[in-house]
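Read the structure below first, then the notes.
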Protein chains: 2
Amino acid sequence: MTEPPDRAPSPHPGPQGAQVAFLLSQLGEHASQAFARRVAELDLTPAQAGLLRAVSLAPGQHQQELARRLGMSPSRFVAFIDAIEERGLVERRRNPKDRRFQDLYLAPKGEEAMRGLAEAALAHEEALCTGLDPQERIALAGLLRRIAEAQQLTAGVHPGYRRLNPRRDSV
Amino acid sequence: MTEPPDRAPSPHPGPQGAQVAFLLSQLGEHASQAFARRVAELDLTPAQAGLLRAVSLAPGQHQQELARRLGMSPSRFVAFIDAIEERGLVERRRNPKDRRFQDLYLAPKGEEAMRGLAEAALAHEEALCTGLDPQERIALAGLLRRIAEAQQLTAGVHPGYRRLNPRRDSV
DNA sequence: TATTGTTATACTCTATAACTATA
DNA sequence: TATAGTTATAGAGTATAACAATA
């Protein structure tokens, strides 16, 4: 019986008008935590999942390029990749044209992990949208995309990566 | 020139179907960061803002009660309150009926801070919803609330409090 | 000299376990 | 004995700066 932290107050002291901002913040955190729990079943952290996807989309990028995209410092990135490489998910290869670069490629086990991640993402989406019919889901996605555009968020860019270890949360 | 981390990959490897979950996670993080920047102008962290609101809504709660609601351990809560009390925002008072309890009350400066926070929350909501007309905002809030209910999230409960120091982010 | 990757160092944040004072 | 608050200690996470290899 892990007693859920009941009635935690909001960081947003919005009385009546402020609703969307708080709901977005609340649901976003909830969605992130739920996704973290899902990838944890694959023995992955969200950051690791993000790296695998980045390497999968564009194989052969070198480390600092990827580090910048994930928003982490090159020095942290080393240990981060060390763990992933030891598990046989990605492979470091010295770039023959310029031996200073370590290019990253997906290993067979990494391809397998990607399939698991795709499955997890679909299940995650479905679980989160429970209660909304297909039309409502499309309408919601449209409104959210409008906000994302107005806020000038790059499509597919998630700002919450720096954190390597997801928070375990009783909720 | 702080170069924004361009094209960071998503932690959610959703190809086509998975949209709402990622957008919620992305926008939620964005909203949280934007709010953190706003309260930072008042020299407050989101957690401090949350505490002030909690004390404002229910004055006289004792520390462990509030610590549990904010999702932090009693030991961390001590230093957390120390800083807030030193700034004259809240006041600790020994409960005369049971002197083990330290009850928390809003100090005059805390009331003043609450007014600033209310203003900040309204401006935050407005900035975030730029581009949506009033009808769309209501529709969006409705859909988000439906999801929150389906996910059994308590209204007004934000899970992202444990973190005391908000991430400063270039984005 | 400049840059990539790496390592080393110090610093912050957090969790856990003692300790005290009240009951 | 049990509980609220506090303090102390150790551990994890992070940032920054140095370093070696390559260009």
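Figure legend. Inter-residue proximity from the range A:50-79: first residues within 23 Å of A:E112 (Cβ to Cβ), second residues within 14 Å of DNA strand C (Cβ to nearest atom) and of a type in the set (D, E), beta-carbon distance below 6 Å, spacing 6+ or different chains. Indicated pairs: A:G60/A:D103. Within the range A:94-120, residues that are touching a residue at least 12 places away in the same chain (Cβ under 8 Å) have Cβ atoms under 9 Å from residues that are among the aromatic types (F, W, Y) and more than 11 Å from DNA strand D (Cβ to nearest atom) in these pairs: A:A120/A:F35, counting only partners at least 6 apart in sequence or on another chain.
Scanning the range A:126-140 turns up no residue that is within 16 Å of DNA strand C (Cβ to nearest atom) and facing chain B (nearest Cβ under 7 Å).
Consider A:G71 carefully, then state whether it is away from DNA strand C (no atom under 12 Å from the Cβ), at positive phi, modelled with pLDDT under 95 and buried (at least 18 other Cβ atoms within 10 Å of the Cβ). When the stated conditions are applied, A:G71 passes them. In the range A:122-151, the residues that are in contact (Cβ under 8 Å) with a residue 12 or more places away in the chain form no Cβ pair under 6 Å with any partner that is of a type outside the set (A, V, I, L, M, F, W, C) and surrounded by fewer than 18 Cβ atoms within 10 Å (Cβ to Cβ), whether six or more places apart or across chains. Taken over the range A:84-104, the residue count meeting the criterion of being under 17 Å from A:M114 (Cα atoms) and touching a helix residue (DSSP H, G or I) at 6+ places or on another chain (Cβ under 9 Å) is 7. Filtered by the rule that a residue be assigned to a helix (DSSP H, G or I), surrounded by 19 or more Cβ atoms within 10 Å (Cβ to Cβ) and more than 9 Å from chain A (Cβ to nearest Cβ), the range B:33-47 gives a lone residue, B:R38.
For the range B:63-92, the set of residues classified as within 12 Å of chain A (Cβ to nearest Cβ) and closer than 19 Å to B:E111 by Cα consists of B:L66 only.
In the set A:S10, A:S25, A:S56, only one residue is part of a helix (DSSP H, G or I) and at pLDDT below 95; that residue is A:S25.
The values are calculated or read from the model by the stated rules, or taken from the named source; none is laboratory data. Everything numeric here is computed off the predicted structure, so don't read it as measured data. Here the Cβ is made from the backbone with ideal geometry for all residues, glycine too, and neighbour counts use every protein chain on show.
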